[in-house]
1. Specify the residue with the greatest mean-square fluctuation among M128, M290, M61, computed from a Gaussian network of the chain linking alpha-carbon atoms under 10 Å apart.
2. With a 1.4 Å probe and all protein chains kept in place, how do K212, K315 rank by accessible area, largest first?
3. What is the local net charge at A171, summed over the other residues whose Cβ is closer than 11 Å to its Cβ (Lys, Arg +1; Asp, Glu -1)?
4. Binning at 10 angstrom from zero up to the longest distance, how are the C-alpha pair distances of the stretch 213-330 distributed in percent?
5. Please list the radius of gyration and Dmax for the stretch 318-403, considering alpha-carbon atoms only, with Å as the unit.
6. I want to verify a result. In a Gaussian network model of the chain, Cα cutoff 10 Å, which of these has the top mean-square fluctuation: F407, F154, F339?
7. Taking the convex hull of the alpha carbon atoms in the stretch 258-311, what volume per residue do you get, in Å³?
8. Probe radius 1.4 Å, ligands and nucleic acids ignored: give me the carbon and sulfur share of the accessible area of the chain as a rounded percent.
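The values are calculated or read from the model by the stated rules, or taken from the named source; none is laboratory data. Being a predicted model, the structure only gives us computed values, none of them experimental. Glycine also receives a Cβ, built like all others from the backbone with ideal geometry; neighbour counts cover every protein chain displayed. Note: accessible area is taken over every heavy atom of the protein model, side chains too, but ligands, DNA and RNA are not part of it. Shrake-Rupley method; radii C 1.70, N 1.55, O 1.52, S 1.80 Å.
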Amino acid sequence: MVRAVGNAGNSEENGETENRAASENGSLRESKVKRKIERPRGTRDFLPDEMEKRRAVERIMREIAESYGYREVCTPTFEHLELFTIKSGEGIIEEIYAFKDKSNRNLALRPELTAPVMRLFVNECSVMPRPLRFYYFANCFRYERPQKGRYREFWQFGVELIGSDKPMADAEVIGLAYRILKELGIDFELHIGHVGILRKLLSNLEPELSLKIFRLIDKEQLDELERLMRGRGLDVLYAKISELISTKGDAGVIEKVREILDSSVNEDLDYLKEVCTLLDSYGVEYVVDMSIVRGLDYYTGIVFEAYAESLGAQKQVCGGGSYRLSHLFGGEDVPSTGFAIGFDRVMEVCRVSPSRKLKVAVVDANCSREAVRLAEMLRDRVKAAVIVDVMGRNLKKQLSHCSDADFAVIVGRKELEGGYYTLKDMRSGEQRKVGFEELVKILSS
Ligand code: HAM
């Protein structure tokens, strides 16, 4: 049975409960006292200044991804619930917005885009020449307890490189994530591990127990991990795992791991070493960190996370790794690797200022038709935001209301009869008479 978690009416949801009660109460609709409708918990509104900055950051991310040959894909906001439970189990339903539509279909708002992109790959592109390099920028939804840096609706910028199981592929996506974060002026540390090694160590355990162990390592609940494993008589395995996950340092620590574990993981360690060597060529600085296991269940090999310490508890700005999912969605078993950057967290710590667009106000004295015509001509010729009065204000009021513009172009009877426009520089207050071509030239310089 699928729970409609999106409608959970627990006590923390005061706003939502009240809203529901309000809409159920028909008489309230007619009430004279109108209550403000708040946005749902864990969601945000963005005003124009913030949106300009977000778009500027998005543009940088797109440009860098495209410079590595990645091309944009777009998938639906909601998918069949099964897409997300097939690998992670029904437990994940607690953490996502799952619901039934009017035809009783089990659907979910996407909590991430790796599974949707792999579904798209199986459905639409499985015969295309590989590798495929896809990127996306989209909103995701998770039913988590909101806090600073953790939202119920948030945005991810991510890539998936489909079709290669070679170190070059992992190194490329890590190099790309690193370049994006650097370009945005973020102070971060990149940690790289190999989850396949831990999977091998746990391969003889019951899947449920090994999943528990993964979760505890991911959440750094190490006391609980010790209690669980020792309680099951897994002391020797615990000692190995404990030593493994405390291994951190430069690429040299890979040899130390070799000493702790037996030869069954040699190939994985060689792979990790090769990725590190390639990352040196990309100029990427990293910490080898064998405690990285990632919260999502589909990773099979290299895994990595980037942390911006200044963000506090929710400091992970990027996460990714290699995985195999396509065979679960009815396609062949194709190796893939990718990452997603938490766009909203990046916005908190990046150093990007959007370039300001020139603002021109066409101000009219009872000549609104001529003002509209001029504004349209300017929009054709000049890279600027051109605004006209829509409030029916007189000339003086229009001028005082456009004090944030760079220029005002006055169109009045006098100007129309004289065949010129009056251009006012709003910073200096200086005014001059100009013809249309001269106006275009000034506004373009
Ligand atoms: P993830 O680590 O679950 O990985 O999410 C990627 C990033 O999204 C996180 O590092 C974090 O910055 C951001 N994020 C996650 N949850 C929230 C939230 N509730 N509010 C704000 N930001 C959040 C994935 O989603 C994988 N699909 C990444 C991947 C792509 N692996 C391979 N390819």
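1. The residue with the greatest mean-square fluctuation here is M128.
2. Numbers: K212 110, K315 60 Å².
Descending order: K212, K315.
3. -3
4. Histogram of Cα-Cα distances, whole percents per bin: 11, 38, 37, 14, 1.
5. Gyration radius and largest Cα-Cα distance of the stretch 318-403: 25.4, 70 Å.
6. Sorting by GNM fluctuation, first place goes to F407.
7. Values: hull volume 6.4 nm³, N = 54.
Looking at the stretch 258-311, the number lands at 119 Å³ per residue.
8. Values: 11520 of 23810 Å².
Its accessible area is 48 percent carbon and sulfur atoms.
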